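The values are calculated or read from the model by the stated rules, or taken from the named source; none is laboratory data. Small disclaimer: the values here were computed from a predicted structure and weren't measured. Cβ: placed from backbone, ideal geometry, glycine included. Neighbour counts: every protein chain shown.
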Amino acid sequence: MQLEVLLSDDCAKCVQHQSGQCQLDTQGKFYCAKNKRSAQKLELGIALPLFSIIGLLLILWRCKAKRGIVLSSNPEPESCSVYFGVPVFSYKDLQVATKYFDPSRVLGDGGFGTVYYGKLKDGREVAIKHLYEHNSRRLEQFMNEVKILTRLRHVNLVSLYGCTSYHSHELLLVYEYIPNGTLASLLHHGSSRSSFLPWPIRIKVAIETATALAYLHASDIIHRDVKTNNILLDNSFCVKVADFGMSRLFPNDVTHVSTAPQGTPGYLDPEYHQFYQLTSKSDVYSFGVVLIELISSKPAVDMSRHKDEISLANLAINKIRKGAIGELVDPFLGFESDSGIRREIVMVAELAFQCLQRDRELRPSMEEVLEALRRTEIGKEEAEISHGDVLSADDDEEEMKVLNGMKATPSPKAVTDKWDSESSITPNISSQSTNQSNVDVRISSLNLEKMK
């Protein structure tokens, strides 16, 4: 049963608008009795929540400002808020640092933005990446790079100095400035540029790059865009690996992550491209291409080459299988004239051959690659100590120990020997170059026999 009570218009106005009570006088006539206490309660009931809401909003605003979410008005990066542990710069400050993004200050263009040279108010030289506005994934790339670089600290990884607010319309990342530019620019811009990179510097670059990648993999991170354009060199030719926009945090309890292939043509792991399965071995494949670039000074992709050799990886595999490593090597490096350099280049070429296997299970891990590269330096020291020794012509088994060390399942496409840190080739440096050529041919021949 429902009971409905209808109030008169006067009574309704009394209750709703005058906060009073409907009463009758002694003559039975209606009047609106005012209740001062009720009116005060009503006013307080409205005012207190309103003040509480305003206070709460002020507290939230201040907290957000401290965490770097409301940032664009902060003029000084040193005194402003932080985002994921790095200072947040105002867009205006970075405009001034780059002279309003002067085209003459462009250091390079990438897949996600243009990099400018800049100078901060405190005198620091910086490289500022301005992410493209038309890139629909730029916020994802921006946040990905910030998160990864703030959790990693390594001498061979580029340092992130700060960024703009991720709420800003303009997304910018501020890095330390690396004065010698990219490895690609030093390798591929004519003999006058590549002459700055003799073989000792190139093997140093290979070792330091492998060190950085091994550190990333140990931190469960896959770089996913390893290439010579992302390897920077400072004034001492020390390596700084850069560009983590496509990097992926890799769960340590899984063998691979299914994801659409991303990377640069010429460096992209063919198995990742075919099966959409990303693993740390994808970085290993890309690094194998980098090793061949260091040996040859040739770009990863060159449309002017024969159609079967447009990809440097294919070109290298063909030359190594034929035992023609010398045809792959940059003549500037002294492959024909220096037996020590010849020995190291042969070792690096064979290591690159393993990294470039189509089957990822046959590729070494980055840690194994690093150990193998370090052995080239150990072998060099041993060769200098044993400088008067002559390599026996029939000691093929001993020669092959130089190319050992990678654990791989036997395959007709792979070098399957393990590296042995206890032995190395120690040729007589004063011996004739023809004898050394015979050594290299025997090494390649033995590998070919094993591949058959």
### Message
Take the residues in the stretch 198-249 that are aromatic (Phe, Trp, Tyr) and under 20 Å from Leu278 (Cα atoms); name whichever of them is surrounded by the most Cβ atoms within 10 Å (Cβ to Cβ).
### Response
Phe244
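What about Leu149, is it in the same structural domain as Ala349 (by TED's automatic domain parsing), touching a residue at least 60 places away in the same chain (Cβ under 8 Å) and more than 14 Å from Val239 (Cα to Cα)?
no
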### Query
Any residue in the stretch 132-143 that is within 16 Å of Phe244 (Cβ to Cβ), at pLDDT below 95 and assigned to a loop (DSSP other than H, G, I, E, B)?
yes
### Summary
How many residues of the stretch 101-117 are modelled with pLDDT under 95 and in contact with a helix residue (DSSP H, G or I) (Cβ under 6 Å, 6 or more places away or on another chain)? The answer is 1
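Which of the residues belonging to the stretch 153-192 are of a type in the set (A, V, I, L, M) and surrounded by 16 or more Cβ atoms within 10 Å (Cβ to Cβ)?
Once the filter is applied, which keeps residues that are of a type in the set (A, V, I, L, M) and surrounded by 16 or more Cβ atoms within 10 Å (Cβ to Cβ), the stretch 153-192 yields Leu157, Val158, Leu160, Leu171, Leu172, Leu173, Val174, Ile178, Leu183, Ala184, Leu186, Leu187.
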### Message
Considering only the stretch 312-322, I want to know if a residue exists there that is within 20 Å of Arg202 (Cβ to Cβ) and over 29 Å from the mean Cα position of the chain (by Cα).
### Response
yes
### Filtered residue count, the stretch 218-229, keeping only those that are at pLDDT 95 or above and assigned to a helix (DSSP H, G or I)
1
### Message
Of everything in the stretch 364-387, what is among the hydroxyl-bearing types (Ser, Thr, Tyr) and modelled with pLDDT under 95? Give them in sequence order.
### Response
Thr376, Ser386
